[in-house]
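The values are calculated or read from the model by the stated rules, or taken from the named source; none is laboratory data. From a predicted model like this one, the values you see are computed outputs, not experimental measurements. Reconstructed Cβ throughout: ideal geometry from the backbone, glycine too, with neighbour counts over all protein chains shown. SASA here: full protein model, heavy atoms, side chains in, ligands and nucleic acids out. Shrake-Rupley method; radii C 1.70, N 1.55, O 1.52, S 1.80 Å.
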Amino acid sequence: MTGEDAEKFKKMCEESGESWLKKFAEMTGTIQHLNDNATAYVGTNGTVIKSKDGKELEIDTSSMTYDMIMNLLKNL
């Protein structure tokens, strides 16, 4: 995304009332709404899955390979 595109994106989000940072994180996959009850936050060193009822699952992926992570997520 170029600087000009970023400005257009920020302006579009302001007009719609959405947080541009949250929207960008959703677009890039760092925030994923799994269903109506749970949201995943993906970082460079792990993933946290939070549900609306307060339950939380933390997965430290800092020492895992891509294949290990994909197998973990397929078998949840």
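Laid out as a table, the results:
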read-out: Nearest-10 value in Å² for the accessible area of residue 70, using the 1.4 Å probe; value: 60 Å²
read-out: Dipole moment magnitude, nearest 20 debye, the stretch 1-48 about Cα centre, only Lys, Arg, Asp, Glu C-beta charged; value: 120 debye
read-out: Cross-link partners of residue 55 among aspartates and glutamates (Cα-Cα below 17 Å; sequence separation of 8 or more within a chain); value: 36
read-out: Farthest toward positive dipole pole in the chain [+1 Lys/Arg, -1 Asp/Glu at C-beta], among 1, 40, 57; value: 57
read-out: With every protein chain in place, the chain: carbon and sulfur % of accessible area (1.4 Å); value: 53 percent
read-out: Coil-residue trypsin sites (Lys or Arg not before Pro) of the stretch 33-76, DSSP, other Cβ within 10 Å capped at 12; value: 52, 55
